[in-house]
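A.B. asks: Provided herewith is a single structure, encoded as structure tokens, for subsequent inquiry.
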Amino acid sequence: MSATATVTVAGVPGVEIAYDRKGAGPPLVLLHGIGHHRQAWDPVIEQLAESRDVIALDFPGFGESPDVPAGIPDEVDSFAHAVEAFCTALDLGKPDVAGNSMGGLVALRLGQLGSVRSVTALSPAGFWTPRERSWALNVLTNMRRVAQRTPDATIRRMARTTAGRRVMTGMIYNRPAQRSPEAVVAETFAMRTAPAFDRVARLAKSGTTFEGDVPDIPVTIAWGTHDRILLPRQAARAHLQLPQARMIPLYACGHVPMNDAPALVAQTILNTAP
């Protein structure tokens with residue numbers, strides 16, 4: 001089921017959040033990365049929905065969610081508070097949450113705020129050095145610029161071939177051939193049109209990091225061994241900072257591992273939030 005919830009964030013009403021919902025059971029909220037959209041989770045939705053009420057959302061300013069109204073602070077906590085308000089609007093209580101990249105950082109922050117029952121963070125942002133942060137954001141910004149400058153017909157033509165999908169998505173997937181042409185086209189359009197992308201990238205470049213621990217709830221940090229955006233060595237820093245978290249290598253997976261190993265990613269999430 002696709003729908004939209006309208007919530008208030010930081011005292012500002014009218015924040016619209018698009019989402020898909022499927023399955024039944026304890027609620028599980030899925031958070032995508034910068035420049036992506038909720039369909040990044042499509043490869044794992046069916047397996048998760050066998051035992052969970054799965055809600056995949058578009059962050060404000062990404063996917064089908066409009067950008068936030070004026071007056072909301074430019075900070076990571078604004079995304080976390082938007083998810084909190086969304087969960088309240090849908091009467092989810094304290095759901096389990098899984099996030100990838102920027103979504104992983106927000107998921108960990110939700111854990112710190114006491115808003116969720118468990119956290120699974122897949123290659124979360126925030127454990128980078130300044131040089132690694134610049135690398136990641138420059139790669140993603142360049143992908144957005146290429147998407148903006150490439151004609152629609154060329155994008156669709158490239159997505160129909162294995163070689164074309166490798167060129168378009170090889171930096172985020174280790175197995176780009178597994179992604180369908182239709183999905184590659186949709187996520188390319190989502191990246192080039194996201195109104196919040198540039199603002200969030202500037203915020204991240206200013207020094208966004210994850211600080212502190214996430215006590216008292218189950219936390220899993222899982223990292224693709226072939227992540228070319230947030231390099232796998234950052235997992236060691238996450239382990240030092242969150243010593244109680246379960247650390248999982250996602251073998252042969254890239255930065256967005258849901259495409260590369262759907263069964264492994266789904267089981268990793270379910271093992272954190274049984």
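Please treat every number below as a calculation from the coordinates, not as lab data. Fair warning: this is a prediction, and the values are worked out from it, not measured in the lab. Heads up, the Cβs are rebuilt from the backbone with ideal geometry, glycines too, and the neighbour counts pull from every protein chain shown.
A.B. asks: What is the local net charge at T4, summed over the other residues whose Cβ is closer than 9 Å to its Cβ (Lys, Arg +1; Asp, Glu -1)? Don't jump to the answer; show the numbers that get you there.
C.D. replies: Numbers: positive: none; negative: E16, E64.
Neighbourhood net charge equals -2.
A.B. asks: For segment 116-186, which trypsin sites (Lys or Arg not before Pro) are both in a DSSP coil and crowded by at most 15 other Cβ atoms within 10 Å?
C.D. replies: Values: sites: R117, R131, R133, R144, R145, R149, R156, R157, R160, R165, R166, R179; in loops: R117, R160, R179.
Within segment 116-186, the qualifying trypsin sites (Lys or Arg not before Pro) (loop, at most 15 other Cβ atoms within 10 Å) are R160.
A.B. asks: Further question: Give me the percent relative contact order of segment 88-159, please, defined on Cα pairs under 8 angstrom at least 6 residues apart.
C.D. replies: Working: 63 pairs, mean separation 18.3, N = 72.
Relative contact order of segment 88-159: 25 percent.
A.B. asks: Let me ask another. So if R0 is 30 Å, what FRET efficiency would R160 and S206 give, r being the distance between their Cβ atoms, rounded to the nearest 0.05?
C.D. replies: Working: r = 39 Å, r/R0 = 1.31.
It comes out at approximately 0.15.
A.B. asks: Taking θ = phi - 60°, what integer Hz values does the Karplus form 6.51 cos²θ - 1.76 cosθ + 1.60 yield along segment 137-152, in sequence order, with x for Gly and Pro?
C.D. replies: Ordered by residue, 3J(HN,Hα) equals 6, 5, 4, 5, 5, 5, 4, 5, 5, 4, 4, 5, 9, 8, x, 3 Hz.
A.B. asks: Sort out for me the Cα centre separation of segment 105-146 from segment 78-94, rounded to whole Å.
C.D. replies: That distance is 19 Å.
A.B. asks: Quick one: Cα convex hull volume of segment 158-274, Å³ per residue? If you can, show how the numbers build up before the last one.
C.D. replies: Details: hull volume 14.9 nm³, N = 117.
It is 127 Å³ per residue.
A.B. asks: Related question: For N138 and E16 in the same chain, what is the full-extension length gain: residue separation times 0.36 nm, less their Cα-Cα distance, in nm? Intermediate results must be reported in sequence, preceding the final value.
C.D. replies: Numbers: separation 122, 0.36 × 122 = 43.92 nm, distance 2.85 nm.
Between N138 and E16, full extension yields 41.1 nm more.
A.B. asks: Mean projection of the alpha-carbon convex hull of the chain over all orientations, in nm²?
C.D. replies: Details: hull surface 50.9 nm².
Result: 12.7 nm².
A.B. asks: Over segment 167-274, what relative contact order in percent results from Cα pairs under 8 Å that are six or more residues apart? Could you put the intermediate results ahead of the total?
C.D. replies: Details: 118 pairs, mean separation 38.4, N = 108.
For segment 167-274, the relative contact order is 36 percent.
A.B. asks: Also: From the phi angles alone, apply the Karplus equation (6.51, -1.76, 1.60; θ = phi - 60°) to segment 239-252 and give each ³J(HN,Hα) in whole Hz, x where the residue is Gly or Pro.
C.D. replies: Rounded to whole hertz, the list is 5, 5, 7, 10, x, 8, 6, 7, 10, 10, x, 9, 5, 6.
A.B. asks: Would you kindly derive the ³J(HN,Hα) couplings of segment 93-105 from the backbone phi angles with the Karplus curve 6.51 cos²θ - 1.76 cosθ + 1.60 (θ = phi - 60°), listing them in order in whole Hz, with x for Gly and Pro?
C.D. replies: x, 9, x, 6, 9, 10, x, 10, 6, 4, x, x, 4
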